[in-house]
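One structure below.
The values are calculated or read from the model by the stated rules, or taken from the named source; none is laboratory data. This is a predicted model, so every value here is computed, not measured. Because the Cβ atoms are built from the backbone with ideal geometry, glycine has one as well, and the counts that use them run over all protein chains shown.
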There are 2 protein chains.
Amino acid sequence: MASTNPARGTRDFLPADIRKREYVIGIIKEVYESYGFEPLETPAFENLETLTGKYGEEGGQLMFKILKRGEKLDIANAKKVADLADLALRYDLTVPLARVVADKRDKLPKFFKRYQIQPVWRADRPARGRYREFYQCDVDSIGSTSPLVEAELISAAAEIFERLGFTDYVFRLNDRKRLSKMVSDAGIEASLETDAMVALDKLDKIGEEGVLNELQARGISREAAGRFLSFAKDPEAAPQSETIAKVVSLLRSSDRIKDDPSLARGLSYYTGMIIEVNVPDLPGSLAGGGRYDGLIGMFGKEQIPACGISLGLERILVVMDERGMFPPEVADSTPADVMVTVLDEETAAETIKLAAELRAAGLRVTVYPDADKLGKQLKYADSLKVPYVCVLGESELAEGKVTLKDLRTGEQESLERENAIKKLGAAIRWKA
Amino acid sequence: MASTNPARGTRDFLPADIRKREYVIGIIKEVYESYGFEPLETPAFENLETLTGKYGEEGGQLMFKILKRGEKLDIANAKKVADLADLALRYDLTVPLARVVADKRDKLPKFFKRYQIQPVWRADRPARGRYREFYQCDVDSIGSTSPLVEAELISAAAEIFERLGFTDYVFRLNDRKRLSKMVSDAGIEASLETDAMVALDKLDKIGEEGVLNELQARGISREAAGRFLSFAKDPEAAPQSETIAKVVSLLRSSDRIKDDPSLARGLSYYTGMIIEVNVPDLPGSLAGGGRYDGLIGMFGKEQIPACGISLGLERILVVMDERGMFPPEVADSTPADVMVTVLDEETAAETIKLAAELRAAGLRVTVYPDADKLGKQLKYADSLKVPYVCVLGESELAEGKVTLKDLRTGEQESLERENAIKKLGAAIRWKA
């Protein structure tokens, strides 16, 4: 007997979950569309070589790889993973985008502004709010180095958070070029720059002393490490970033923007501005991104500048759930506006006909499938929080009427069929 | 240098593709919701044991399996696939649904009516219209054996085809119980029933003579094979199906319904009615499904009846594309209603401000990111088929005006900023 659990770190989304997810995704799409971003989708898996070497140390280990098939699979002579796997599930939406842009440059506009809302997969250790399958909502601008790009991306993401009802989010901004200057100004060798970034990226998790220790463990002197950290802690002391200054000047209201030289971000492909969005009650970020002018060129066709932000759907949902931020029609959704009862097999065709007439009036209608006792049918409708029931019993059928029951008030009345339909149509339209 | 192709048998969906896909998916969701079906989503991969043994011969071979990770992966001592893989990408949406129902029965309504629109993966040989990643749009009713279920499923799917503009679709109906009777009435041994079904399923592909040969190759006498095929060809000669008779009587208009005893369907989990939807110009089907009262019980908790239909999104799109069935706003979509030009870095903040005002008026607005020559900016807008451009040049900024250009007519006028916004808002609302 097979287990009935979903695979470790993954989840089944029941209807009530999906309603919430679709509400958030709907707002994200609407805002991105209003900024002229267009939808793109890429396959769940990529050729292994497409993803290899794009994410730094950790990424390679956390990728889900797919077994070769048929004759290509030679278990007896396999020595390493690459002998056994030829595909991998996508790890983010940025590398697939870079591949698509390199592949289809001639079919895409000069400035390609795209959004993409799809799941990604990482074989991370599952924990509260950390899953092995999770959605990213990415928005990227391809083809321009103008700071207008960063300003527009930040502005669109901020509008999404506002529309969702967040009032305490902060965009932290830093610049990989400034981080490089912090490394050299601190007296750290250029060859240890990546080490310095990796250590700094852990500041939120391991604290200042932890970062200092890690910097030393990676071969950086305590003195240089101290200078590096003092820059990271103080935007005034750190070298200034021209990009950040330009972007901030373009944004009308900057009270949600913070210049933060301690922000490093884990992924290795960033080259300029880096961005993270935080709220006080969530460890980790609601969104992150940055400029990656070198990634598309790694596919060897043409060097094309790019910049993007990725919203973490799961984390946004966690915070919205905890704070009760969903509107009532999303939080308390029902599968139908009205249920039609069924009397027996002989009259079932009449039930179906009434349901069709109600649908034609714009109602969402479910039909009780079995010829159970009326009480049982009403109880079922009530358990689904369906507000109205149309009873088609013997007397109703004989008289050509229906009994319309309001399950919230318990009231019921016998109506001509067309009047019942009119009344329900009006009640539901009024609600919408 | 890595290849830039998507993996074999998979596709990147560019914005114009997505618009079409979302149009079809939107109608499918709207109709299913109007019948009281609720959305469900399941993970892309399942534990290998969940999927194993559910699909018959072919399914096991065509499943994409995922390599074990970390210490669990022991390449040196691996002998067979099960030593190397512990997960598999979902092969359809029905088995995951059955697992969810077995797992979460107490959280789901007694009659659970769900739809699910997600990709599935099969390592099939890619061919025209056959991909390794493709979407299924499933609708299923769990918990009732009533023929009302089949009638409602057929009626909802038919409404979708009508709404999409199909006028020549046919629902072919058969019944696995009747097929069993055809097998025994033809004098074929019960032990060869599956062989008889598998051979009959190939009728469309290999013709009558081919099926007769295959039946004989599988150990059925030429005589019995002939009788079996004569039943399959003639609904009058074949044993009658009570289920089909009941369902047909429940459907108001049955001119799109055909009783077809030759329909067999490949999957092994069907137990009652089987359904396929065809159009004349497509080999294969637009949709298929049936009743599977034994599948949920295979997860060993409880035997629960179920029935469903799966729409093949890719095939629906292929036919709609070939026939030009998309409305103009879908076929000729643009990324924005208006583009705002940018003069130079100093005035870029004004450009962003105007764009925000236009968005507040309900317009989809894109901003040209670089301070290129005006001609180049207009050419870009034209290449995207954006209908309007707001020019913010030196003179416009000095006068507090904008030049509004209609790219379709070439006309342009200088307007006060608020008048330009009003005019554009009205023009786009009129269109919508």
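Residue check: is B:Leu363 of a type outside the set (Val, Ile, Thr) and more than 9 Å from every other protein chain (Cβ to nearest Cβ)? Don't jump to the end; show me each part of the working.
On the way: of a type outside the set (Val, Ile, Thr): yes; more than 9 Å from every other protein chain (Cβ to nearest Cβ): no.
Here the answer is no, as B:Leu363 does not meet what is asked.
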Only one of (1) facing another protein chain (nearest Cβ under 7 Å); (2) of a type in the set (Asp, Glu); (3) more than 14 Å from A:Glu152 (Cβ to Cβ) does not apply to B:Asp370, and that is (3)
Subset of the stretch A:228-256 [away from every other protein chain (no Cβ under 14 Å) and buried (at least 18 other Cβ atoms within 10 Å of the Cβ)]: A:Phe228, A:Leu229, A:Phe231, A:Ala232, A:Pro235, A:Ala238, A:Ser241, A:Ile244
Just one listed residue, out of A:Tyr55, A:Tyr32, is surrounded by fewer than 23 Cβ atoms within 10 Å (Cβ to Cβ) and either in contact with a Cys (Cβ under 8 Å, 6 or more places away or on another chain) or closer than 30 Å to A:Leu164 by Cβ (or both), and it is A:Tyr55
Return the residue satisfying two criteria in turn: it lies in the stretch A:36-50 and is at the interface with chain B (Cβ under 7 Å from one of its Cβ atoms), under 17 Å from the mean Cα position of the chain (by Cα) and not aliphatic (A, V, I, L, M), and of such residues it is nearest to B:Leu89 (Cα to Cα). A:Pro43
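So, A:Gly425, is that one more than 30 Å from A:Glu162 (Cα to Cα), in a loop (DSSP other than H, G, I, E, B) and under 36 Å from the mean Cα position of the chain (by Cα) or not? Reasoning before the result, please.
Details: more than 30 Å from A:Glu162 (Cα to Cα): yes; in a loop (DSSP other than H, G, I, E, B): no; under 36 Å from the mean Cα position of the chain (by Cα): yes.
Considered against the rule, which asks whether it is more than 30 Å from A:Glu162 (Cα to Cα), in a loop (DSSP other than H, G, I, E, B) and under 36 Å from the mean Cα position of the chain (by Cα), A:Gly425 comes out as no.
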Return a yes/no flag: does the stretch B:217-232 have any residue that is of a type outside the set (Ser, Thr, Tyr), in contact with a Lys or Arg (Cβ under 7 Å, 6 or more places away or on another chain) and assigned by TED's automatic domain parsing to the domain that holds B:Ile304. no
Checking the condition closer than 22 Å to B:Arg315 by Cβ and at the interface with another protein chain (Cβ under 9 Å from one of its Cβ atoms), which residue from B:Leu62, B:Leu87, B:Leu97 passes? B:Leu62
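Find the residue count for the stretch B:253-271, including only residues that are of a type in the set (Ser, Thr, Tyr) and within 16 Å of B:Cys307 (Cα to Cα).
Initially, the stretch B:253-271 is screened for residues of a type in the set (Ser, Thr, Tyr), giving B:253-254, B:262, B:268-271.
With the extra rule that they be within 16 Å of B:Cys307 (Cα to Cα), the set shrinks to B:268-271.
Going through the stretch B:253-271 one residue at a time, the tally reaches 4.
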Checking B:Lys205 against (1) of a type in the set (D, E, K, R); (2) at pLDDT below 95; (3) not in a helix (DSSP H, G or I), the condition it does not meet: (3)
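Kindly state which strands (runs of 3 or more DSSP E) lie completely within the stretch B:109-184 and contain at least 1 residues that are within 13 Å of another protein chain (Cβ to nearest Cβ) and not aliphatic (A, V, I, L, M). I'd like the intermediate steps shown before the answer.
Values: elements: B:112-121, B:133-142, B:170-175.
Filter on the stretch B:109-184 gives B:112-121, B:133-142.
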Just for helices (runs of 4 or more DSSP H) wholly inside the stretch A:311-385: which have at least 2 residues that are assigned by TED's automatic domain parsing to the domain that holds A:Thr94 and at pLDDT 95 or above? A:313-323
Within the stretch B:220-245, of all residues that are of a type in the set (Ser, Thr, Tyr) and free of Cβ contacts under 8 Å to residues at least 60 places away in the same chain, the one farthest from B:Leu179 (Cα to Cα) is B:Ser221
If we keep only residues of the stretch A:253-288 that are in a loop (DSSP other than H, G, I, E, B) and hydrophobic (A, V, I, L, M, F, W, C), then the residue farthest from A:Leu153 (Cα to Cα) is A:Leu282
Do we have any residue at all in the stretch B:331-349 that's more than 10 Å from every other protein chain (Cβ to nearest Cβ), within 23 Å of A:Lys110 (Cα to Cα) and in contact (Cβ under 8 Å) with a residue 60 or more places away in the chain? yes
Within the stretch B:275-288, count every residue that is among the acidic types (Asp, Glu) and at pLDDT 95 or above. 1
Could you please find all residues in the stretch B:3-24 being surrounded by fewer than 18 Cβ atoms within 10 Å (Cβ to Cβ) and of a type in the set (A, V, I, L, M)? B:Ala16
From B:Ser268, B:Ser262, B:Ser221, residue being among the small types (Gly, Ala, Ser), surrounded by 15 or more Cβ atoms within 10 Å (Cβ to Cβ) and out of contact with any Ser or Thr (no Cβ under 9 Å at 6 or more places or on another chain): B:Ser262
Residue satisfying all of: in the stretch B:386-420; of a type in the set (S, T, N, Q) and part of a helix (DSSP H, G or I); surrounded by the most Cβ atoms within 10 Å (Cβ to Cβ) among these: B:Asn419
Per the filter on the stretch B:68-121, residues among the basic types (Lys, Arg) and free of Cβ contacts under 8 Å to residues at least 12 places away in the same chain are B:Arg69, B:Lys79, B:Lys80, B:Lys104, B:Lys107
The one condition in (1) at pLDDT 95 or above; (2) farther than 30 Å from A:Ala427 by Cα; (3) surrounded by fewer than 22 Cβ atoms within 10 Å (Cβ to Cβ); (4) of a type in the set (Lys, Arg) that A:Arg291 fails to fulfil: (3)
